[in-house]
Amino acid sequence: MDDSLPDHVDVVIVGTGLPEAILAAACSRSGLSVLHLDRNPFYGENWASFNLNTLDEWIGENKKELSETTVSESIKEKIQADESYISFGDNRQIFDLEKQWTEDSATEKVVKNKDGEETTSTYRAIIEKEWRRFSIDITPKILLSRGTMVQTLCDSEVSKYAEFKCVNRLLCFCDGDKKICRVPYNRSEIFETDQLSFVDKRRIMKFMQFCLEWSKNQDEMKDWKEFADKSFSEFLATVHNLEGSTQRFITDAIAILEPNPTTLTGLQAVCRFIDSVGVFGPSPFLYPLYGCGELPQCFCRLCAVFGGLYALHLQVDGIILKENKVVAVVAGGQRVNCDHIITSPRYAPKKFGTLSGELVDRAILVTDDTILKEEKEQISILSLASISPPQCAARLFEAGYESCLAPRGYYLSQLTGARRDDKNYLKEVEEKLYDSEDSPRVLMRLRFASAAGSFQYSEESPTNFAVLPPPNVKLDYSDVIISSRELFTKFWPDRDFLPRGLPTVE
Amino acid sequence: MTLTNDDDGEKPITTLKILIIGESGVGKSSLMLRFVDDTFDPEQAATIGVDFRVTSMLVDGNRVKLAIWDTAGQERFRTLTPSYYRGAQGVICVYDVTSRSSFEKLEHWFSEVDTYTTKGDAVKMVVANKIDMAGREVSREEGIKFAKRHRTLFIEASAKTKEGVQCAFEELIEKILQTPGLWENDRPAFRLGQNTARQDDGYCGC
């Protein structure tokens, strides 16, 4: 077996997070030679999903002190007289990590062993034994049925590498935040729900009709422009007589794609929602079986099928420059010449720029039950807009065995929210959700914050070097596709971004 | 029991995901192409552009659809994705009888299978390829011993001369169908871009 890297490729991509994977697939698909590298032994960087054991390894890696990079003699030998060298960064992306098994996890539970005998075991022991059955997203998001991610997956045929399920429950707080209610997705669910009065049902339907027309010709529509920059709630109350819980259904849930909306952004969010309803089922939202960590791997596979070369768990040293352009990388002790280098924020040399500094707070809970019981297991999104500052865009995503995320009978509850005013609001939210007598038991808890924001290039950054964005707080993937496509088109304006493949005969 | 590759248009009772793994150059793509297309290219370059191939078989009068997945070259630096292993019911681990090191690396491939396969009872098979070639470095007995230790099926084959290829796939599929619960899908999901899209219950019923 030949373990050496090629002498030259068109593009070197460092980091296997989702935006990097999409770029790798797009480059490879359009005929460019791609070398895709990662220091981690796994795909996906902070877009990955882990089982209980690999999650602990990830926590360990992210708690390590960052070491200073040194330039060894063997690297110096690879640099020519008219060239310069700069080490890749190792920028921290995950902060404030804390993981704990709760007191409840030490509770004993009666279980049947293989021979049908009853024995007692703690929740923790039961869960740890099933470590392989977990798939824990570091960045949980959903796909909009008619959104750009689904479109890209289908066009590129990357869709054949993954399976999906509908997020079948959209929830929000109602009755003065005391109760969690199911939000109707479509016409028939609006008529059937017992959460709304007859009058409110008619008002909601009338408002939906307004949105359908608005999406076609908003310029000619009356009664909204004067509210465009004002709050969405004010518009709904004044123009559509939608107030209280009924209004919350719309602002918190139906418009969940745009938290803290103005009338304009709120209407846009509702229209995107409506547009995706009924495509794959009543729900407009899709979730990948086995978790979001599947997506980067699927794009990487497409890259490999078209000849892209993968090396993980590799020492990724630095960049060789000539006349302020990148000309090569040094990785695994080898020099690989290249025309472009694209990295995730982790690898960006500080001299070339830094992230703008926003943080996304996360909490991952393993629970023994769902937040709202129904006969069948559900995949749920709960808007937390009414119990946290709306600017946080806080929400909860909950799924379990049916999505291949947890052993049967257990759930992963994933909280996400932007950090505002240096405060992690998720802690309060979690207490409200899980501290009452009849709420599900929290067995394990992991909290952390991940770097978000955009990369601010310095003047010294070479023109053939680029950094893709970290995960943001948005619920869906549209921004990821947009930023990947933007970069691809900037570097290769004559090439198509993941075009539709030729029809193949099986 | 009858096994044929003919398509009679009958609806398949199940679709099985079969993986082919092993070191670079042991003939994984060649085995797949021999089985699916009955072709062999002695000049076959390192795998580029081979993804997965779909074919079907008749097993005891029931049509079974097979999706056979190649590694897409990702085995070169041992960077197969966990996603590749998801939901696989059968795994074919290939070594080259003229390369001792490819045989020794089987242990690595087996541990990867055990880590990533989501179905604990997925059927594994060891295929010793290139038995037509001179310069054998791994004896049949060694191969059998390895397979016994790992409790898997074993077969010697040559993608070039066809020997053992059909037989290998048949044995694997039979064993999968005989394993209760392995091929029934307990957690239904769907793929995008197929005929899954429904256009009813939206708002635009107008």
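B:Ser101: assigned to a helix (DSSP H, G or I) and surrounded by fewer than 19 Cβ atoms within 10 Å (Cβ to Cβ), yes or no?
Yes; evaluated as a whole, the condition is true for this residue.
Could you identify the single residue in A:Glu65, A:Glu117, A:Glu61 that is open to solvent by 60 Å² or more (accessible area, probe 1.4 Å) and within 28 Å of A:Ala394 (Cα to Cα)?
Result of the check over A:Glu65, A:Glu117, A:Glu61: A:Glu61.
Working only within the range B:46-87, note down all residues that are part of a loop (DSSP other than H, G, I, E, B) and of a type in the set (D, E, K, R).
B:Asp51, B:Asp60, B:Asp70, B:Glu75, B:Arg76, B:Arg78, B:Arg86
How many residues are more than 9 Å from chain A (Cβ to nearest Cβ) and open to solvent by 10 Å² or more (accessible area, probe 1.4 Å) when one looks only at the range B:104-115?
Qualifying residue count for the region: 6.
Hey, among A:Arg132, A:Arg146, A:Arg124, A:Arg203, which residue is touching a residue at least 40 places away in the same chain (Cβ under 8 Å), within 14 Å of chain B (Cβ to nearest Cβ), assigned to a helix (DSSP H, G or I) and open to solvent by 70 Å² or more (accessible area, probe 1.4 Å)?
Selected residue: A:Arg132, the only one of A:Arg132, A:Arg146, A:Arg124, A:Arg203 that is touching a residue at least 40 places away in the same chain (Cβ under 8 Å), within 14 Å of chain B (Cβ to nearest Cβ), assigned to a helix (DSSP H, G or I) and open to solvent by 70 Å² or more (accessible area, probe 1.4 Å).
Since A:Thr139 meets every condition but one in (1) in contact with a Pro (Cβ under 6 Å, 6 or more places away or on another chain); (2) open to solvent by 40 Å² or more (accessible area, probe 1.4 Å), which condition does it not meet?
Condition not satisfied by A:Thr139: (2).
Among the numbered criteria (1) facing chain B (nearest Cβ under 9 Å); (2) farther than 29 Å from A:Asp223 by Cβ, which single criterion is violated by A:Gly278?
(2)
Within the range A:162-183, which residues are more than 11 Å from chain B (Cβ to nearest Cβ) and open to solvent by 10 Å² or more (accessible area, probe 1.4 Å)?
Passing the criteria: A:Asn168, A:Phe173, A:Asp175, A:Gly176, A:Asp177, A:Lys178, A:Lys179, A:Ile180, A:Arg182.
Please verify whether A:Gly353 is out of contact with any strand residue (DSSP E or B) (no Cβ under 7 Å at 6 or more places or on another chain) and at positive phi, treating the condition exactly as stated.
In short, no.
Among A:Arg441, A:Arg408, which is the only one that is within 14 Å of chain B (Cβ to nearest Cβ) and open to solvent by 30 Å² or more (accessible area, probe 1.4 Å)?
Of the residues listed, the single one that is within 14 Å of chain B (Cβ to nearest Cβ) and open to solvent by 30 Å² or more (accessible area, probe 1.4 Å) is A:Arg408.
Please find, within the range A:149-161, the residue that is nearest to the chain's Cα centre (by Cα) out of those that are over 19 Å from A:Cys271 (Cα atoms) and facing chain B (nearest Cβ under 7 Å).
Of everything passing the filter in the range A:149-161, A:Leu153 is nearest to the chain's Cα centre (by Cα).
Yes or no: the range B:36-47 includes at least one residue that is in contact with a helix residue (DSSP H, G or I) (Cβ under 8 Å, 6 or more places away or on another chain) and within 13 Å of chain A (Cβ to nearest Cβ).
yes
Just one of A:Lys351, A:Lys373 is open to solvent by 10 Å² or more (accessible area, probe 1.4 Å) and without any contact (Cβ under 8 Å) to a residue 40 or more places away in the chain; which is it?
A:Lys373
Does B:Lys148 meet the test of being more than 22 Å from B:Ser30 (Cα to Cα), within 16 Å of the chain's Cα centre (by Cα) and open to solvent by 80 Å² or more (accessible area, probe 1.4 Å)?
Here the answer is no, as B:Lys148 does not meet what is asked.
Search the range A:268-291 for residues being at positive phi and modelled with pLDDT of 95 or more, and hand back the single one that is surrounded by the fewest Cβ atoms within 10 Å (Cβ to Cβ).
Step by step, filter the range A:268-291, then rank; the result is A:Tyr290.
If A:Lys427 satisfies all but one of (1) part of a loop (DSSP other than H, G, I, E, B); (2) surrounded by fewer than 24 Cβ atoms within 10 Å (Cβ to Cβ), what's the number of the condition it fails?
It fails just one condition, (1).
Sort out which residues of the range B:20-35 are under 13 Å from the mean Cα position of the chain (by Cα) and within 13 Å of chain A (Cβ to nearest Cβ), and write them in order of number.
Hits for the range B:20-35 are B:Gly22, B:Ser29.
Select from the range A:454-475 the residues that are under 24 Å from the mean Cα position of the chain (by Cα) and more than 20 Å from A:Arg419 (Cβ to Cβ) and write down the one among them that is most open to solvent (accessible area, probe 1.4 Å).
Among them, the one singled out is A:Tyr457.
Show me the strands (runs of 3 or more DSSP E) entirely contained within the range A:33-120 in which 3 or more residues are out of contact with any helix residue (DSSP H, G or I) (no Cβ under 6 Å at 6 or more places or on another chain).
A:84-87, A:94-101, A:108-112
Enumerate the strands (runs of 3 or more DSSP E) found wholly within the range A:318-389, keeping only those where 3 or more residues are within 30 Å of A:Leu433 (Cα to Cα).
Ranges flagged: A:359-367, A:380-383.
Considering each residue of the range B:81-93, count those that are hydrophobic (A, V, I, L, M, F, W, C) and either at the interface with another protein chain (Cβ under 7 Å from one of its Cβ atoms) or open to solvent by 10 Å² or more (accessible area, probe 1.4 Å) (or both), and give that number.
Matching residues across the range B:81-93 total 0.
Hey, among the residues in the range B:158-206 that are touching a strand residue (DSSP E or B) at 6+ places or on another chain (Cβ under 9 Å) and within 14 Å of chain A (Cβ to nearest Cβ), which one's modelled with the lowest pLDDT?
Looking at residues that are touching a strand residue (DSSP E or B) at 6+ places or on another chain (Cβ under 9 Å) and within 14 Å of chain A (Cβ to nearest Cβ), I get B:Thr196.
Quick check: anything in the range A:77-96 open to solvent by 20 Å² or more (accessible area, probe 1.4 Å), at positive phi and either of a type in the set (Phe, Trp, Tyr) or more than 21 Å from the chain's Cα centre (by Cα) (or both)?
No, that holds for no residue.
Consider the range A:292-317. How many of its residues are more than 9 Å from every other protein chain (Cβ to nearest Cβ), surrounded by 24 or more Cβ atoms within 10 Å (Cβ to Cβ) and in a loop (DSSP other than H, G, I, E, B)?
Of the residues in that region, 1 qualify.
Does A:Leu5 meet the test of being buried (at least 22 other Cβ atoms within 10 Å of the Cβ), outside any helix (DSSP H, G or I), over 21 Å from the mean Cα position of the chain (by Cα) and within 14 Å of chain B (Cβ to nearest Cβ)?
So A:Leu5 does not fit the description; no.
Can you tell me which residues in the range A:30-85 are closer than 15 Å to A:Val316 by Cα, touching a residue at least 60 places away in the same chain (Cβ under 8 Å) and of a type in the set (D, E, K, R)?
Those that are closer than 15 Å to A:Val316 by Cα, touching a residue at least 60 places away in the same chain (Cβ under 8 Å) and of a type in the set (D, E, K, R): A:Asp38, A:Arg39, A:Glu45, A:Lys78.
When you go through A:Gln218, A:Gln195 one by one, which is the residue that is closer than 23 Å to A:Thr370 by Cα, of a type in the set (S, T, N, Q), touching a helix residue (DSSP H, G or I) at 6+ places or on another chain (Cβ under 8 Å) and surrounded by fewer than 21 Cβ atoms within 10 Å (Cβ to Cβ)?
Only one candidate qualifies: A:Gln195.
The values are calculated or read from the model by the stated rules, or taken from the named source; none is laboratory data. Here the structure is a predicted model, which means the values were calculated and not measured. All Cβ positions, glycine included, derive from the backbone under ideal geometry; neighbour counts span all protein chains shown. Only protein heavy atoms, including side chains, enter the accessible area calculation; ligands, DNA and RNA are left aside. Shrake-Rupley method; radii C 1.70, N 1.55, O 1.52, S 1.80 Å.
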